[in-house]
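Just so it is clear, none of the values below were taken in a lab; they were calculated from the coordinates. As the structure is a prediction and not an experimental result, all values here were calculated from the model. Virtual Cβ from ideal backbone geometry, glycine too; neighbours counted across all protein chains shown.
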Amino acid sequence: MDQEFTAAVRQICDEKGIKPEDVYETIAAAMASAYRKDFGKPGQKIEAEFDPETGKTKIYQVLEVTKDIENEDREISPKDAKKYKKKIKVGDEIKIKKKAPESYGRIAAQTAKQVVIQKIRESERDVLYKEFKDRAGELLTGTVQQIEGKNIIINLGRANGILFPKEQIPSENYYIGQRLKVYIASVEESSKGPQIILSRVHPEMIRCLFELEVPEINSGAVEIKSITREAGKRSKVAVIAHQEGVDPVGSCVGQRGTRIQAILAEIGEEKIDIILWDEDLEKFIENALSPAKVKSIKLRKSDKTAVVAVAEDQLSLAIGKEGQNVRLASKLTGWEINISKETKPVEKKKKAKKRKATKKLSKVEQKRNPDSIGAKSRSPKKDRKAPTKSGFRSPNKEGEIGRKIGKTAKKETKKTKTKKKTKKKTTVIKKTKSKKKKDKK
């Protein structure tokens, strides 16, 4: 075989990534097509066998064995078929060898060339489809090659992928030549080759970025249990450690936040909450609602609903902007979460306890000071109308406490009067001094 021909076949195989056997089959199909064009008939079934070692081609006409012949170009009777092959029956196919020509015409050579090109393209598409079909779910780095309206064509090396508008982060702007990390969402087969659909909003893209930046995840020391994401805004990632002494949240954040910063640089202004996963569902829901502080959680397993009570000052933090925090937390845990204020009966119980405590104190004071018992005999109307000298009213039930408050009020009024007197004296002394100075002058 000619060395130039073998070198050309090897070059095609290296460039297109296809097998040499596929190229030889393509050459054989091209030779069969050229023979049919110059020496055969359009209805004939011609096959060719190409020998890569000698470079020669064998031509065969394929006929089907039938009793009733309708098309002589494709069918043959059993009697005629036995001339070429003794053991044959109706329904079998027989190959009759034809003499291969030394040269072909211009038109036949042109058709052979087109067949070779078409077959090589088909085999290349099959190879690319198989390659990228197995790589679905991976993270690749590509370059923006073309912008067609809202669709972005990204060069991935041997093939191009398409980034549809729904798979783009809303806050991002793209330009030709920009390098991006993209997630292969799916690979579909089409007449023009494999259609590789890319994504920048898929939740699994966050997982792939963490696997690149956090070696503990690849080693199995830390596991990402679940991810939920609203692309361009916020994501929540639940992690757990399978090795003692490993902090899963700290491993993902990195020293001084270096690892998480590298991930955030790939997804723009999006925020990521790293949450500790827990087997206890209540604890996991509490962690998922962070940074809000939870007071109590009630679970309804019948409809997978969690009623979470939070303090009034934590209500907006638990719900989040436009309900984002509670929405992401419910997706992360798989439970519907309803946020409510801390229940009022709890506050009533606290007030009741305070009242009981004050009553006990008043009873103790009455036992110590029996004179205060007479305060109870007074009518409540008189006590309300008649204020004390200090201006304070003493309640009937707490007579002794009211008296003590009155005494302290008297002391305060005396102090204020003495202060006013001292101020007047100082002002008079200052005036006299100023007059003396004027007289001397």
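Some notes on this structure:
- Relative protection proxy for 171-181, 286-296, 319-329, from highest mean packing down: 286-296, 319-329, 171-181 (other beta-carbon atoms within 10 angstrom).
- Potential extension, Q110-E211 segment - 0.36 nm per residue separation minus Cα distance: 31.1 nm
- Over all projection directions, the Cα-based convex hull of the range 293-335 averages an area of 3.0 nm².
- From most to least packed by mean Cβ count within 10 Å, the peptides 251-263, 15-27 give 15-27, 251-263.
- Here the ratio of the Cα radius of gyration of the range 21-71 to 2.2 N^0.38 Å is 1.32.
- Per the Debye formula on identical point scatterers at the alpha carbon atoms of the range 3-129, with no solvent, log10 I(q)/I(0) at q = 0.09, 0.15, 0.19 Å⁻¹ is -0.33, -0.79, -1.04.
- Fully extending the segment from I117 to K83 would add 8.4 nm, taking 0.36 nm per residue of separation and subtracting the current Cα-Cα distance.
- Taking 0.36 nm per residue of sequence separation and removing the Cα-Cα distance, the K341/K150 pair yields an extension gain of 64.3 nm.
- For the range 47-56, 3J(HN,Hα) per residue [Karplus equation, 6.51 cos²θ - 1.76 cosθ + 1.60, θ = phi - 60°, Hz, x = Gly/Pro]: 10, 10, 10, 9, 9, x, 6, 9, x, 9
- Taken along its principal axes, the alpha carbon cloud of the range 251-334 reaches lengths of 41, 28, 20 Å, longest axis first.
- Ranked by how many other beta carbons lie within 10 Å on average, peptides 184-196, 232-244 from highest: 232-244, 184-196
- Label-point separation, I96 to E25 (7 Å along Cα→Cβ), nm: 2.8
- Whole-number D in µm² s⁻¹ for the range 135-233, Kirkwood Cα-pair radius fed into Stokes-Einstein, 37 °C, 0.692 mPa s: 228
- R0 of 51 Å, Cβ-Cβ distance E172-E72: FRET efficiency to nearest 0.05: 0.15
- More than 17 Å apart - percent of Cα-Cα pairs taken over the range 199-287: 45
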